[in-house]
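Heads up: the structure comes next, in structure tokens.
The values are calculated or read from the model by the stated rules, or taken from the named source; none is laboratory data. Only a predicted model underlies this, so the values are computations on that prediction, with no experimental measurement involved. For neighbour counting, all protein chains shown are included, and Cβ atoms are generated from backbone atoms with ideal geometry for every residue, glycine included. Remember, those area values only see protein heavy atoms, side chains included, never the ligands or the DNA or RNA. Shrake-Rupley method; radii C 1.70, N 1.55, O 1.52, S 1.80 Å.
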Amino acid sequence: MLKYQYLLTHDGVFLPTLAIIGTQWGDEGKGKITDYLAEGADMVVRYQGGANAGHTIKVGDEVIALHLLPSGMVRPGVISVIGNGVVVDCEAMGKEIEGLVRSGRSADGLRISDRANIVLPYHRALDGAEERARGNKGVGTTGRGIGPCYSDKMARSGIRMGDLLDEEYLRERLDTVLPIKERLADSLGEPLNIDRDELVRKLLEYGRTYRDKIVDSSVLIYDAIKAGKRVMFEGAQGTMLDIDHGTYPYVTSSNCTSAAICTGAGIPPSMVEQVIGVVKAYTTRVGAGPFPTELKDETGRKLLHQGEEFGTTTGRERRCGWLDLVVLRLAVRLSGLTSLAITKLDVLNDIDPIKVCVAYEIDGERVENFPGNASRLERARPIYEELQGWSSWSEETASLCRRGVEALPEAMRDYISYIERSVGVKAEILSLGKRRDETIDLRPDRWSIA
Ligand code: IMP
């Protein structure tokens, strides 16, 4: 309440902003939740990650998979912003835009930060070469060039969207950077073979294509918030893939917690009001790395198939396991979650009992907080509590959802309250299917205040 009043008095304007954060290893169903909430939004902003993300949205019977574009793109009239913290793959972006236009949508609302770094062909090549060089210790990246692009950003060797509008400067930058990349690729035994002039030609073409969309997005977002527009920040990946706080080194190369909104969108912390953490009713992860509650048994296969757990970006099978409250507590703490959106509750139908991990046992000791060291984590054995499962329902899920939370099976309601009590955050959105109408929304209607 205090924060709310403060926000009301900030320059005399109410700041109706909302952020959506993945609380696990990505793939929590953020695409659906973002799309669902985008209905009331004026602007949707991506602020980290790149085309490694996979956000699946179901509109009626149509399934739309977005990787780089903000989910706002499927809503007419919404301004969709790719913030400076995102790494932009212009080729992937072009294909996604084409797909949307083919489905009768428009890209008019898209804006891209002039400061966003660009994923170049050598980033993709180096992503693969570095993974191969790691041998069986690979991270299992999506191969989209994300790590090498963010590395270049930090090493001050990046090329940014605004550079595409300045041929002389662009050539100068590539003349400096490309030889370094060539030497690196040679040292990994995988030479690049990139034609510099051809690359410049292509990049300048992107510059011409996106000229009208390349903007100072920090100003755009800041002004929109100050004008009382409803701005939503759409996180990609999840807390456990965060470069600082996740299961390092088996993580992505950006920060995935709410703190990244400030740097990746160029706005101050005081402008982030609600933070909704999206949590799948169980856990999945793609790629390598520790996963304490992983199930390699029949129940794991059941979650895989009932949950259709195949990667949106790579098509890989996701590893499946029980819900891990050690992970969720970390997400609550790091991102200051103000509410939860629990997704895929229906996938747990007909699984009884349901287990929930409440702590780990590592080297004979009970551990409540997520350890920072991957090898320690490899030795973590989950300590479970068991909850009663529930049976599937016969009526249509959308009609069940319309009847509200009271219509849900009692054991499912108990499961939800158990999660809320365990992490001290309320679940305000419950998702029981892919479609927009297979959702129960318990939020007090904050968007309409604007
Ligand atoms: P990268 O982001 O492609 O470098 O991959 C690093 C790790 O993050 C790998 O384990 C990927 O599978 C994982 N990852 C990246 N993006 C996503 C996502 O959107 N969902 C789930 N996992 C992801």
Test Ser339 against the stated conditions and say whether it is surrounded by fewer than 19 Cβ atoms within 10 Å (Cβ to Cβ), within 20 Å of the chain's Cα centre (by Cα) and within 25 Å of Arg443 (Cβ to Cβ).
yes
In region 265-285, anything in contact (Cβ under 8 Å) with a residue 60 or more places away in the chain and part of a loop (DSSP other than H, G, I, E, B) is listed as Gly266, Val272, Glu273, Ala281, Tyr282
Take the residues in region 93-120 that are in contact with a Gly (Cβ under 8 Å, 6 or more places away or on another chain) and open to solvent by 20 Å² or more (accessible area, probe 1.4 Å); name whichever of them is nearest to the ligand (Cβ to nearest atom).
Arg115
Answer yes or no: is there a residue in region 31-42 that is within 16 Å of the ligand (Cβ to nearest atom), modelled with pLDDT of 95 or more, assigned by TED's automatic domain parsing to the domain that holds Ala341 and open to solvent by less than 20 Å² (accessible area, probe 1.4 Å).
no
Reported set for region 284-299 where residues are touching a strand residue (DSSP E or B) at 6+ places or on another chain (Cβ under 6 Å) and buried (at least 18 other Cβ atoms within 10 Å of the Cβ) is Thr284, Arg285, Phe291, Pro292, Thr293, Leu295
Going by the structure shown, is Ser375 more than 16 Å from the ligand (Cβ to nearest atom), among the polar types (S, T, N, Q) and surrounded by fewer than 22 Cβ atoms within 10 Å (Cβ to Cβ)?
yes
Which of the numbered conditions does Gly135 fail, given that it passes all the others? Conditions: (1) within 30 Å of Gly189 (Cβ to Cβ); (2) touching a helix residue (DSSP H, G or I) at 6+ places or on another chain (Cβ under 6 Å); (3) more than 11 Å from the ligand (Cβ to nearest atom).
(2)
If you scan region 180-238, which residues turn out to be of a type in the set (S, T, N, Q) and touching a strand residue (DSSP E or B) at 6+ places or on another chain (Cβ under 6 Å)?
Ser217, Gln237
If you go through region 390-403 one residue at a time, do you hit one that is surrounded by fewer than 15 Cβ atoms within 10 Å (Cβ to Cβ), modelled with pLDDT of 95 or more, assigned to a helix (DSSP H, G or I) and of a type in the set (S, T, N, Q)?
yes
Take the conditions in contact with a Lys or Arg (Cβ under 8 Å, 6 or more places away or on another chain), open to solvent by 10 Å² or more (accessible area, probe 1.4 Å), within 16 Å of the ligand (Cβ to nearest atom) and part of a loop (DSSP other than H, G, I, E, B) and apply them to Asn52. Does it pass?
yes
If you go through region 207-256, how many residues are near the ligand (Cβ under 10 Å from one of its atoms) and in a helix (DSSP H, G or I)?
2
When you check Ser375 against the structure, is it modelled with pLDDT of 95 or more and among the polar types (S, T, N, Q), yes or no?
no
Determine whether region 302-322 contains at least one residue that is closer than 19 Å to Ala236 by Cα, within 16 Å of the ligand (Cβ to nearest atom) and of a type in the set (A, V, I, L, M, F, W, C).
yes
Go through region 237-270 and count every residue that is among the hydroxyl-bearing types (Ser, Thr, Tyr), within 18 Å of Asp324 (Cα to Cα) and open to solvent by less than 50 Å² (accessible area, probe 1.4 Å).
4
